[in-house]
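First comes the structure, then the notes that go with it.
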Amino acid sequence: MRDQFTCQNKRCNIVTTELEIDHRLAVEAGGSDDDINCRCLCSDCHSVKSRIESKGHKLPDPEDFPTDYAEARRLVAYQMSDPSLVDDIPDPEFD
Ligand SMILES: [Zn+2]
């Protein structure tokens, strides 16, 4: 298997046989099935990324993103200066 069974999120890098193929640029956004657009993520990272993308947003750095969905959304909200993104995250620390 490609990527040596390692999750390609640099903040994760977990080694597992349970990897999923992720499209760096989502197919719906025009991404291709070519190797260069594909990489392996563990299921946790893949679901975080997919949930962000399902909201119509991209993670600022898809090579290095939080493994936690709430933190990922805070990061996107911060980068996009769009606090409405974090509305459904119960975290009083977000400013
Ligand atoms: Zn991972």
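The values are calculated or read from the model by the stated rules, or taken from the named source; none is laboratory data. If you're wondering where the values come from, they're calculated on a predicted model, not measured in any experiment. Don't worry about glycine lacking a Cβ; one is built from the backbone with ideal geometry, like all the others, and counts go over all protein chains shown.
Against the condition more than 23 Å from Val86 (Cβ to Cβ) and within 9 Å of the ligand (Cβ to nearest atom), how does Gln4 come out, does it pass? No: the conditions fail for Gln4. Within the range 48-78, the set of residues being touching a strand residue (DSSP E or B) at 6+ places or on another chain (Cβ under 9 Å) and either more than 14 Å from the ligand (Cβ to nearest atom) or small (Gly, Ala, Ser) (or both) comprises Ser50 only. Taking the range 1-50, which residues are out of contact with any helix residue (DSSP H, G or I) (no Cβ under 9 Å at 6 or more places or on another chain), of a type in the set (A, V, I, L, M, F, W, C) and within 20 Å of Glu71 (Cα to Cα)? Residues satisfying the conditions are Cys42, Cys45. Just one residue in the set Ile36, Ile52 is at pLDDT 85 or above, at negative phi and surrounded by 18 or more Cβ atoms within 10 Å (Cβ to Cβ); that residue is Ile52. Residue count for the range 12-38, restricted to those that are away from the ligand (no atom under 16 Å from the Cβ) and assigned to a loop (DSSP other than H, G, I, E, B): 7.
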